[in-house]
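One structure is given below, encoded as structure tokens.
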Amino acid sequence: MYPLPPGGTPGASREANPTDALPAGRGCTDLLHGDFLCANSARRQHGTEPGRWSKYRESRGRGFFHLDGMSNDDTPQRRVLLRASALSAGYASRTILRGVDMELAQGEFWFLVGSNGSGKTTLVRTVLGLLEPLGGSLTIDPSLSRSGRIGFVPQRSEIPPSVPMTVHEFVRLGLVGIRTTRAQRLDRVETALGLVGLAELGHRGFARLSGGLRQRAVLARALVREPELLVLDEPTNHLDPATEDAFLDLLLRLKDDLGTAVMFVTHDLEIVTRMATHVALFTRGTVVAGRAAEVFQEAELAPMRDRLAASQGTGSLG
């Protein structure tokens with residue numbers, strides 16, 4: 001495990017059977033099929049806006065990937081956003097993961113890799129607060145939970161294209177549970193649309209978007225929260241190669257220019273070896289997590305690639 005930075009504090013911790021746990025799941029829709037929409041009052045409080053998001057909005061570009069005015073000179077002090085310590089996770093009748101130790105810090109790009117049923121989804125549900133830890137602890141920086149600065153991107157939009165709404169209205173759904181003025185809402189939505197290259201399509205019907213553009217809108221709905229942690233559950237599964245590359249390029253820009261931490265669930269080892277700063281490998285209920293080079297030194301990638309390929313198309317819980 002990596003130590004907290006000097007002077008760091010553990011933040012809000014959720015342990016098995018907690019008495020003062022961070023409110024988890026109450027007032028939220030199912031994040032794996034819906035929005036990160038929390039009505040809990042503890043998640044409606046405003047924190048201080050991170051400087052990078054403010055600066056981006058002030059110098060907002062209208063094209064795809066325009067993160068103008070950003071500089072690495074004002075990078076805030078690196079800090080741990082999430083820590084799992086001897087974490088066990090699962091469901092009331094079944095423990096899926098045991099003894100998970102990992103820390104995720106600002107600006108890191110984490111990939112969760114493993115075959116279907118290995119526990120990736122279970123960890124995501126626990127991080128998002130839909131499942132309580134069954135053992136050990138999960139500590140999340142309190143500024144993320146207080147200000148709602150965790151964004152979630154599912155595999156595809158859970159809202160049927162037949163529902164009549166514009167792209168702008170769809171993205172605005174990501175602000176449910178966050179107190180803003182009308183002007184702030186408009187500014188955030190336009191910022192998110194600009195980031196994903198949909199600035200000129202805000203008034204188009206959501207149903208009229210292609211699959212790739214629709215997934216960009218799903219990402220924008222998460223970015224409208226100006227997240228410090230962005231969690232993505234196999235978001236590129238249904239994208240063509242060119243759209244996938246553009247989508248991944250944007251995530252790298254968010255990490256590098258805005259300091260966003262990324263937790264990305266995938267089966268694609270090519271993406272992982274190309275982009276990961278850190279990796280969590282899931283195998284038979286256990287997790288090996290750490291810096292990508294160190295984890296891959298310990299892992300035999302060829303057998304893992306074969307297992308991942310064999311698992312495609314199965315519907316195991318995990």
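If you check Glu200 against the conditions, is it more than 18 Å from the chain's Cα centre (by Cα), closer than 20 Å to Leu254 by Cα, in a helix (DSSP H, G or I) and among the acidic types (Asp, Glu)?
No: the conditions fail for Glu200.
Here are Thr273, Thr243, Thr236: which of them is among the hydroxyl-bearing types (Ser, Thr, Tyr) and over 27 Å from Thr126 (Cβ atoms)? Break it down into steps so the answer makes sense when it comes.
Details: Thr273 fails: over 27 Å from Thr126 (Cβ atoms); Thr236 fails: over 27 Å from Thr126 (Cβ atoms).
Exactly one of Thr273, Thr243, Thr236 is among the hydroxyl-bearing types (Ser, Thr, Tyr) and over 27 Å from Thr126 (Cβ atoms), namely Thr243.
What tally of residues in region 244-298 results from selecting those that are surrounded by 19 or more Cβ atoms within 10 Å (Cβ to Cβ), touching a Lys or Arg at 6+ places or on another chain (Cβ under 7 Å) and in a strand (DSSP E or B)?
4
Here are some residues: Thr166, Thr181. Which one is of a type in the set (Val, Ile, Thr) and in contact with a strand residue (DSSP E or B) (Cβ under 7 Å, 6 or more places away or on another chain)? Give the steps one after another, and end with the answer.
Values: Thr181 fails: in contact with a strand residue (DSSP E or B) (Cβ under 7 Å, 6 or more places away or on another chain).
Just a single option satisfies the conditions, and that option is Thr166.
For the structure I just gave you, tell me whether Ser118 is on the phi < 0 side of the Ramachandran plot, at pLDDT below 95 and surrounded by fewer than 22 Cβ atoms within 10 Å (Cβ to Cβ). Let's see the steps before the verdict.
Details: on the phi < 0 side of the Ramachandran plot: yes; at pLDDT below 95: yes; surrounded by fewer than 22 Cβ atoms within 10 Å (Cβ to Cβ): no.
Considered against the rule, which asks whether it is on the phi < 0 side of the Ramachandran plot, at pLDDT below 95 and surrounded by fewer than 22 Cβ atoms within 10 Å (Cβ to Cβ), Ser118 comes out as no.
For region 155-171, how many residues meet the condition of being under 12 Å from Glu234 (Cα atoms) and either buried (at least 24 other Cβ atoms within 10 Å of the Cβ) or among the polar types (S, T, N, Q) (or both)?
Restricting attention to region 155-171, the residues satisfying the condition of being under 12 Å from Glu234 (Cα atoms) are 155-156.
If we keep only those that are either buried (at least 24 other Cβ atoms within 10 Å of the Cβ) or among the polar types (S, T, N, Q) (or both) too, we end up with 155.
The number of residues fulfilling the criteria is 1.
List the residue pairs whose Cβ atoms are under 7 Å apart, where the first residue sits in region 162-177 and is touching a residue at least 60 places away in the same chain (Cβ under 8 Å), the second is in a helix (DSSP H, G or I), and the two are 6 or more positions apart or on different chains.
If the second residue must be in a helix (DSSP H, G or I), the pairs left are Leu173/Arg221; Gly174/Arg221; Gly174/Ala222; Gly177/Arg43.
Quick check on this structure: which one of Ala220, Ala183, Ala192, Ala242 is over 30 Å from Ala280 (Cβ atoms) and of a type in the set (Gly, Ala, Ser)?
On the way: Ala220 fails: over 30 Å from Ala280 (Cβ atoms); Ala192 fails: over 30 Å from Ala280 (Cβ atoms); Ala242 fails: over 30 Å from Ala280 (Cβ atoms).
Checking each option against the conditions leaves just Ala183.
Residues being of a type in the set (S, T, N, Q) and either more than 23 Å from the chain's Cα centre (by Cα) or surrounded by fewer than 18 Cβ atoms within 10 Å (Cβ to Cβ) (or both): count how many of those fall in region 184-197. It would help to see each step written out before you state the result.
Looking only at region 184-197, we keep the residues that are of a type in the set (S, T, N, Q), and these are 184, 191.
The next check asks that each one be either more than 23 Å from the chain's Cα centre (by Cα) or surrounded by fewer than 18 Cβ atoms within 10 Å (Cβ to Cβ) (or both); those that pass are 184.
Going through region 184-197 one residue at a time, the tally reaches 1.
So how many residues does region 103-160 have that are out of contact with any strand residue (DSSP E or B) (no Cβ under 9 Å at 6 or more places or on another chain) and either of a type in the set (Asp, Glu) or assigned to a strand (DSSP E or B) (or both)?
1
Mind checking whether some residue in region 222-242 is in a helix (DSSP H, G or I) and surrounded by fewer than 19 Cβ atoms within 10 Å (Cβ to Cβ)? Reasoning before the result, please.
First, the residues of region 222-242 that are in a helix (DSSP H, G or I): 222-223, 241-242.
Those left that are additionally surrounded by fewer than 19 Cβ atoms within 10 Å (Cβ to Cβ): 241-242.
Yes: one or more hits.
Report every pair of residues separated by at least 6 positions or lying on different chains whose Cβ atoms are under 8 Å apart, first residue within region 85-101 and without any contact (Cβ under 8 Å) to a residue 60 or more places away in the chain, second of a type in the set (Asp, Glu) and surrounded by 14 or more Cβ atoms within 10 Å (Cβ to Cβ).
Once the first residue is without any contact (Cβ under 8 Å) to a residue 60 or more places away in the chain and sits in region 85-101, its partners that are of a type in the set (Asp, Glu) and surrounded by 14 or more Cβ atoms within 10 Å (Cβ to Cβ) give Ala86/Asp101; Leu87/Asp101.
The values are calculated or read from the model by the stated rules, or taken from the named source; none is laboratory data. Given the structure is predicted, the values throughout are model-derived calculations rather than measurements. A quick note on method: Cβ atoms are made from the backbone with ideal geometry, for glycine too, and the neighbour counts reach across all protein chains shown.
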